[in-house]
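What follows is calculated from the coordinates using simple rules that are stated; it is not laboratory data. Predicted model, so just to flag it, every value in this text is computed and none were measured. Quick reminder, even Gly has a Cβ in these numbers, built from the backbone with ideal geometry, and neighbours come from all protein chains shown.
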Number of protein chains: 2
Amino acid sequence: MKTAAPAPVAAIVTVGNELLYGETVDTNAAWLARSLAALGAPVARKLTVGDVTAEIHGAVRSALDVADFVLVSGGLGPTADDVTKQAVADLFGRRLHVDRDLLGRLEALFRARGLPTMPALNVSQAEVPEGATILRNPNGTAPGLALEVDTKLVVLLPGVPRELRGIFEGDLGALLRNRLGDRLTPVHHRVIHTTGVAESRLAELLEAELPADRGPVTLAYLPDLRGVDLRLSARGVSADEAAAWFGRYERAIGPVVAPWRFEAESGDVVEALNAALAATGRRVAVAESCTGGLIAKRITDRAGSSEVFVGGVVAYDNAVKVGELGVSDETLREQGAVSEEVARQMARGVAERFGADAGIGITGVAGPGGGTAEKPVGTVWLATVVDGEVESHRLSLVGGREAIRERAAQEAIARLYRRVIHARSRA
Amino acid sequence: MKTAAPAPVAAIVTVGNELLYGETVDTNAAWLARSLAALGAPVARKLTVGDVTAEIHGAVRSALDVADFVLVSGGLGPTADDVTKQAVADLFGRRLHVDRDLLGRLEALFRARGLPTMPALNVSQAEVPEGATILRNPNGTAPGLALEVDTKLVVLLPGVPRELRGIFEGDLGALLRNRLGDRLTPVHHRVIHTTGVAESRLAELLEAELPADRGPVTLAYLPDLRGVDLRLSARGVSADEAAAWFGRYERAIGPVVAPWRFEAESGDVVEALNAALAATGRRVAVAESCTGGLIAKRITDRAGSSEVFVGGVVAYDNAVKVGELGVSDETLREQGAVSEEVARQMARGVAERFGADAGIGITGVAGPGGGTAEKPVGTVWLATVVDGEVESHRLSLVGGREAIRERAAQEAIARLYRRVIHARSRA
């Protein structure tokens, strides 16, 4: 009988004075921890220190005490306060030398940006500790560096989040999988996306339906401004066993969550909306007041949105509502800009003028000013139009300006998505 | 002459499995770090470990190695996975005993909540290590606990953010001020915001100009997609001395950074643009293709933007560029949608139609698809118009879709800001 080797243990060291001042929330540490858990290497310790050689030495030593491998992020930039590479090289008695290949790639990158010569400072980014493996950075100039230290591994990563992520998802992930292979014990997940229902309400409904035998599965509620994700996690079982358990959960809670559920790899309901529009051969246009472009921005965040998105009008000034969308002066005067009829006229107006099959009209009080007793901050009128038929809703949203705008945009996108899905099933 | 004692050094230990899984971003650590810096006790190290006795021991020991006092948060709740208090008591050989006063207060709290008896589990929350000082928790049941360990201090705090903050702002802050008194040395900061210049280029230019005597000041470069902040920090001096030093730095580097500098409390160049528009009595309208509403969204993120923002058109489909903005069919045919002349017509068109004094027109290839040899992904044409005069620029941006859109929007906002500032100075 084969005994499984223990799972490899990771530690994370993040470096940066700004992290110690608390000016920057350490999202890298959380992202790396999540990615390592998904890979199957639990994190035993996270440490944060400033851009100070002695502190970096202490942290890396302390991390190596408890872990098989250590990811160190931050302090690889070209400026004088970036000391991580030199500090780690010194700690393990490795000299830095300029890597010719890397230098060539950096110079090519600067030429591609239209700069004739690379700033001298950036030469330091081509310096590599003896024996280190270079991990390509698809999103920037500082590569990752992996150092073998006895039987352990110390990996240096840049602190810019998208650079760190790009390296992890590319060369570093491959290196770790290759090196740690069957010692990795991944956690299996299935995520159910919902929007339009509060976490506490969802929990109340679900707790009654969960299987009596929960097996290896734990259920987490992950709420944010846009909705609540339900994450099922299974540890210590094979992918097939996990899938069987997730199926049991799906049968139990699927009917309960159906009214608010959407399917999207990215977790973004825009992905579901754009797919539904494309599948039914429809295109959308949007008319926004209180959300100020946020809905158009969210739709066009996604690659390929030009297939389904015609365009939009941000009608902040009432003159734009009248001139560009055909909202009636009289309606504005009698019912005010934040009113059901204005939202409906905006939705219909933008769809007609832009030649779109579907449309959104939205107008509200995002605050902090502008609220009245009758229409307090958070009052939003939302209209959707599909094939000429308009539906409208009054929302009463809580939170600050950003939260109100995010919630209003999400509600608009989710409501249009449900209508388009419904329209498709009738076709 | 009085010699100042060295500033007391703090360390932070956060405890919780959820922090190691990366499911929860560690906002407590950032909040405590910020509060300690403001108090005048710099943080030398932050550590995070799971709810495991041996790990907590290792972390607290490692923290005491570098710090005069250690704040430990998390794991003080009443359930079985809360082991922090017992672990720390064991580490220093202190027994836990039930504190009668505390038990009475807890029981009263539960009565006040309408519960006739306190759950048995909560009795553990009245247990206190020998010799510990109790720090009142105004927002919950688990008090903070301060232990003297030789000449150092170890403080336990609950992990619920508003409870932790309540204790810090009350009893703990008082205890630290009382104990550390004149050893506290607040850090003074001044931040210079720039946009439109690369970190390495800025560093190259600045290093030549920095004062030979850097005094108590350190300079950090904080880059993101929108620009580079320069942060000057001064430690161990009075506010007046710090201001004098910052003034010396300003005189040295001010002229160098001037072309890219902007003033904004929030660090967002939109704040500077909106203020400049308001000060000169101008209003702006925007016409966006590749940024898809992002510029309008960013302008309207800020409260009060309705004073200076008329509205915008998101012209994704070429038909919208023609119909809503007056872009010429012929120009589109001959030069393509991503071209200097289309950007110029968009800017002029939206400003004229919306009755705005200033306008932006932007069209480009955000990717990932749509690039050609002549116009690769990242090619963006940007036009700004102020009082009828149009200026245009070709941008070659790197990164993924999101980075290209963010950079393009930032460049547009920053360029318009500089033109409006300039227009004002001529007036």
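Taking the 0 to 90 degree range and rounding to the nearest ten, how far is the long axis of helix B:269-279 tilted relative to the main principal axis of chain B, both from C-alpha atoms? Roughly 60 degrees, rounded to the nearest 10.
Based on the alpha carbons, how large is the Rg to Rh ratio for segment A:127-200 when Rh follows Kirkwood?
Over the Cα atoms of segment A:127-200, Rg/Rh equals 1.15.
With N counted as the residues of segment A:269-426, its alpha-carbon radius of gyration over 2.2 N^0.38 Å works out to 0.96. The translational diffusion coefficient of segment A:367-427, from Stokes-Einstein at 4 °C and 1.567 mPa s with a Kirkwood hydrodynamic radius over alpha carbon pairs, comes to 101 µm²/s. Principal axis analysis of the Cα atoms in segment A:39-100 yields extents of 35, 26, 21 Å, listed in decreasing size.
If you average over every viewing direction, what projected area does the convex hull of the Cα atoms of segment B:1-108 give, in nm²?
Numbers: hull surface 38.2 nm².
About 9.6 nm², averaged over all directions.
Taking amide hydrogens as placed 1.01 Å from N in the peptide plane, the amide H of A:Val149 sits under 5 Å from those of A:Val154, each at least 5 positions away in sequence or on another chain. Translational diffusion coefficient of segment B:10-183 (Stokes-Einstein, Kirkwood radius from Cα pairs, 4 °C, 1.567 mPa s): 80 µm²/s. In order along segment A:183-197, the phi-based Karplus estimate (6.51 cos²θ - 1.76 cosθ + 1.60, θ = phi - 60°) of 3J(HN,Hα) comes to 7, 6, 10, x, 8, 8, 10, 9, 10, 10, 8, 10, 8, x, 9 Hz; Gly and Pro are listed as x. With the convex hull drawn around the C-alpha atoms of chain B, the volume per residue stands at 207 Å³. Between the alpha-carbon centers of segment A:177-200 and segment B:368-395, tell me the distance in whole angstrom. Comparing the Cα centres of segment A:177-200 and segment B:368-395, I get a distance of 41 Å. When the alpha-carbon atoms of segment A:23-70 are used, the pair Rg, Dmax equals 11.7, 32 angstrom. If you take all other residues with their beta carbon under 13 Å from the beta carbon of A:Ser266, and give Lys and Arg +1 and Asp and Glu -1, the sum is -3.
The lysine pair count for chain B, using Cα distances under 30 Å and pairs eight or more places apart or on different chains, is 7. Helix B:100-112 and the longest principal axis of the C-alpha atoms of chain B enclose an angle of approximately 50°. For chain B, the longest piece that avoids every one of the trypsin sites (Lys or Arg not before Pro) found in DSSP loops with at most 10 other C-beta atoms within 10 Å covers B:114-427. Between B:Val43 and B:Ala10, the built amide H atoms are under 5 Å apart, and every one of these is 5 or more places off in sequence or on another chain.
Counting only Cα atoms, segment A:188-262 measures 33, 22, 17 Å along its principal axes, largest extent leading. Over all other residues within a Cβ to Cβ distance under 15 Å of B:Arg94, the charged ones net out to -3, with Lys and Arg as +1 and Asp and Glu as -1. Positive contributions from Lys and Arg (+1) and negative ones from Asp and Glu (-1), summed over other residues with Cβ under 11 Å from the Cβ of A:Pro129, come out at -2.
Take chain B, mark every one of the GluC sites (Glu not before Pro) that falls in a DSSP loop and has at most 14 other Cβ within 10 Å, then report the longest stretch left between them, sites excluded. With a cap of 14 other Cβ atoms within 10 Å, the longest stretch comes to B:1-129.
Couplings 3J(HN,Hα) of segment A:399-416, computed from phi: x, x, 3, 5, 5, 5, 5, 4, 5, 5, 5, 4, 4, 4, 5, 5, 5, 5 Hz, in residue order, whole Hz [Karplus 6.51 cos²θ - 1.76 cosθ + 1.60, θ = phi - 60°; x for Gly and Pro]. Both the radius of gyration and Dmax for segment A:160-217 are 18.4, 45 Å, in that order, over alpha-carbon atoms.
For the residues of A:29-40, the average number of beta carbons from a partner chain within 10 Å of their own beta carbon is 4.
Evaluating 6.51 cos²θ - 1.76 cosθ + 1.60 at θ = phi - 60° for every residue in segment B:122-134, the Karplus couplings come out as 6, 4, 4, 6, 8, 7, 9, x, 3, x, 7, 8, 8 Hz, glycine and proline recorded as x.
Each DSSP beta bridge with both residues in the protein assembly as shown is either parallel or antiparallel, and the antiparallel ones are about 65%.
Once you order the gyration tensor axes a ≥ b ≥ c over the Cα atoms, which shape class does the protein assembly as shown get: rounded for a/c under 1.5, otherwise prolate or oblate by comparing a/b with b/c? Kindly include the intermediate steps, with their values, before the conclusion.
Numbers: a/c = 1.58, a/b = 1.30, b/c = 1.22.
Note, shape of the protein assembly as shown comes out prolate.
Bridges between two residues of chain B, per DSSP, are antiparallel at a rate of about 60%.
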